[in-house]
Amino acid sequence: MYSIIVVPQPTTEDERPGERFELAPGERLAFGRSAGNDLVIAHDGVSRRAGQITAQGAFWLLSNLSAHQTYVVDNPEGAGEHIKIGPGRLDAPVPFEFSRIVLPAAGDLLPIEVWAPRHDYLCGPHGAEGDPTAPAFCLDRSKRYYAVLTALCEPRLRGDPHAPLPTVDQVVERLRPTWPAASRTSVQWNIDYLAVKLRLKPAPETAETGPRLNGKKEALVSLALRFDLVREDDLALLAARAVR
């Protein structure tokens, strides 16, 4: 199995479709504007020798060979999680299974998508005998609150880590096919319930007088995506979107 798969997006000056590179552990891919690179990015804002990707077993390394530009590596599945690779940084490890390198280029942001399909997992017994470890988050996927949480996470699970979150009214409409009685009041109740259940705010009977929690939906979605409480597969819990 290949260690990583690199899929560059065509630039405004280079519309080559379907190009991809498959790298086995130890193999490298150089990218930049000049013709001597493995991946040539035909954009005046990209350095002649812009960077290098190195496959390294179950993860990969990124070298930023530019003199002035910082590169950003987004985790599209991680609620805005990202790392920054400064100019001249060599062999920065990237742990994300699915990543998007963003190259700033004279007013454009050029993406390069990287998959790391090789995964290593622990085999054999996972723990010693005795009492089981308490789960970190107790969520029931059959409950209404989980459908609300999934609807809140949906825009970012569909590939845009910076997508605005749906409003309460939009969540109501999204859930109507499977929850005809959904209303603003019931959806907002479930959002408040999730904030307590996931310990983002104290329960009403123990809460002290003070300012209310701001950015409640953002905090819920960030926590859910960071710890994989909601995954892309869970979108099947929502009714298929109507064809427009």
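Quick notes on this one:
- Being outside any helix (DSSP H, G or I) and more than 30 Å from Gln52 (Cβ to Cβ) holds for only one residue in Leu122, Leu103, Leu149, and it is Leu122.
- Number of residues in segment 12-55 that are assigned to a strand (DSSP E or B) and either at pLDDT 90 or above or buried (at least 18 other Cβ atoms within 10 Å of the Cβ) (or both) equals 15.
- Test: residue in segment 55-62 that is within 16 Å of the chain's Cα centre (by Cα) and polar (S, T, N, Q): no
- Pairs with Cβ under 8 Å, 6+ apart, first in segment 219-237 and closer than 14 Å to Phe137 by Cα, second of a type in the set (Gly, Ala, Ser) and open to solvent by 30 Å² or more (accessible area, probe 1.4 Å): Phe227/Ala136
- Taken together, the criteria place Pro155 among residues that are part of a helix (DSSP H, G or I) and surrounded by fewer than 18 Cβ atoms within 10 Å (Cβ to Cβ).
- Restricting segment 101-110 to residues that are buried (at least 19 other Cβ atoms within 10 Å of the Cβ) and out of contact with any Gly (no Cβ under 7 Å at 6 or more places or on another chain), the residue that is nearest to Val230 (Cα to Cα) is Ile101.
- Meets criteria (part of a helix (DSSP H, G or I), more than 24 Å from the chain's Cα centre (by Cα) and modelled with pLDDT of 90 or more) for Val171: no
- Selected residue (criterion: modelled with the highest pLDDT) from residues of segment 204-223 that are surrounded by fewer than 10 Cβ atoms within 10 Å (Cβ to Cβ) and over 21 Å from Gly80 (Cα atoms): Pro204
- Qualifying residues in segment 73-100 (those that are exposed (fewer than 15 other Cβ atoms within 10 Å of the Cβ) and either of a type in the set (Phe, Trp, Tyr) or in contact (Cβ under 8 Å) with a residue 24 or more places away in the chain (or both)) - the one farthest from Asp228 (Cα to Cα): Gly88
- Ala182, sole failed condition from (1) exposed (fewer than 15 other Cβ atoms within 10 Å of the Cβ); (2) farther than 18 Å from Ser222 by Cβ: (1)
- Hits in segment 224-237 - residues which are modelled with pLDDT of 90 or more, of a type outside the set (D, E, K, R) and open to solvent by less than 30 Å² (accessible area, probe 1.4 Å): Ala224, Leu229, Val230, Leu235
The values are calculated or read from the model by the stated rules, or taken from the named source; none is laboratory data. Here the structure is a predicted model, which means the values were calculated and not measured. So basically every Cβ, Gly included, is an ideal-geometry build from the backbone, and we count neighbours across all protein chains shown. Heavy atoms of the whole protein, side chains included, go into the accessibility calculation; ligands, DNA and RNA do not. Shrake-Rupley method; radii C 1.70, N 1.55, O 1.52, S 1.80 Å.
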